[in-house]
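Worksheet for the structure shown next.
Any read-out appearing in this document is the output of simple, stated calculations on the displayed coordinates, not a laboratory observation. From a predicted model like this one, the values you see are computed outputs, not experimental measurements. Cβ atoms come from the backbone with ideal geometry, glycine included; neighbour counts cover every protein chain shown.
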Amino acid sequence: MNIDLQIQVQLLAVQGKDTEVAQLEYKRSTLPAIEQKKQLEANFARARDQHIASEVILSDLQREALKSDGDVDVVRLRITKDQEMLDSGAINDPKQLTNLQHELESLAKRQLDLEDVELEIMERVEGAKAAVQVLAQQKTDFSHQLETVTATLDAELATLAADLVGVHAERVQLATDMPPEFLALYEKIRKGHEGMGAAKLHRGQCEGCRLTIPPQELNVIRSATPETVIQCEECRCILIRTADSGI
């Protein structure tokens, strides 16, 4: 393939834009804010789930506390009723009096036991309330952090998107007047060589694979016309000859 040397040199500019695009796309996919957002999303989801679970636990304990309070009230009411009966003097039978006194003693013990249970449940309710508050605050904190990181990421992505549009436009402009077959060869090589399709021959070295061209190959390149399209035997990149190629 024979292509005007000036067009071959211009291909280096196209390669430069393609490399710049690849760098911008890599940067876009590796922004620190991306990982930060993923971590914050996981933290927020965990805090949200824990907060919901803590609210369920608190609700269950509050129902248990109401039941316990009701049990204590029932015993207190029974004690009050028995004590009023005892104080009224309406019971004259010694056996009934003894039974009533025994019942009052049993009820008093039952009341103490129930109040201990009630106190324990209330302590657990207070602990559950504290847990709900802590987890609610954690959820809020993660939500605010997530909003901040998302805004930062969106701004960075928007900037990179604008940069990509600009570089793409410059690349299109550079490649507009190039022969289609020359560009097709370049694209084919580039796709099979990690984005590198054209490289400068610099002081006898291919800047695509960074290997020194053997003397016999350099002799072939020296003898070729300026329009001849030369490829590196090692990496197949189109070699662009310039004043500092060393030939």
Per the 1/(1 + (r/R0)^6) rule, R0 = 41 Å and r from the Cβ atoms of ALA169 and LEU218, FRET efficiency to 0.05 is 0.65
Total charge of the residues flanking ASN219 in space, meaning their Cβ is under 15 Å from its Cβ, with Lys and Arg +1 and Asp and Glu -1, is 0
Would you compute, for the Cα atoms of the chain, the largest minus smallest coordinate along each principal axis and list the three values in descending order, in whole Å?
137, 33, 25
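At R0 = 25 Å, how high is the FRET efficiency between LYS27 and ALA136 if r is their beta carbon distance? Nearest 0.05 is fine. Show your work: numbers first, answer last.
Details: r = 37 Å, r/R0 = 1.49.
After rounding to 0.05, the efficiency reads 0.10.
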Output row, site GLN101, 7 Å Cα→C-beta label point, backbone N cut-off 17 Å, window segment 68-93, residues 82-93
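Just in segment 204-247: which GluC sites (Glu not before Pro) are loop by DSSP and have at most 16 other Cβ atoms within 10 Å? Don't skip to the answer; put the middle values down first.
Details: sites: GLU207, GLU217, GLU227, GLU233, GLU234; in loops: GLU207, GLU227, GLU233, GLU234.
The qualifying sites are GLU227, GLU233, GLU234.
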Net charge of Cβ neighbours under 12 Å - reference GLU20; Lys, Arg +1; Asp, Glu -1
-1
Using 19 Å as the cut-off for backbone N distance, which residues of segment 5-45 belong to the label zone defined by a point 7 Å from the Cα of ASP177 along Cα→Cβ?
5-17
I'm checking a number: the convex hull volume of the Cα atoms of segment 112-247, normalised per residue, in Å³. What is it?
211
How long, wide and thick is segment 31-175, going by the Cα atoms along their three principal axes, in whole angstroms, largest first?
118, 17, 16
Under a Cβ-Cβ cut-off of 9 Å, what is the net charge of the residues other than ARG171 that fall near it, where Lys and Arg count +1 and Asp and Glu count -1?
-2
Nitroxide proxy distance, nm - points 7 Å out along Cα→Cβ at MET1 and GLU115:
9.7
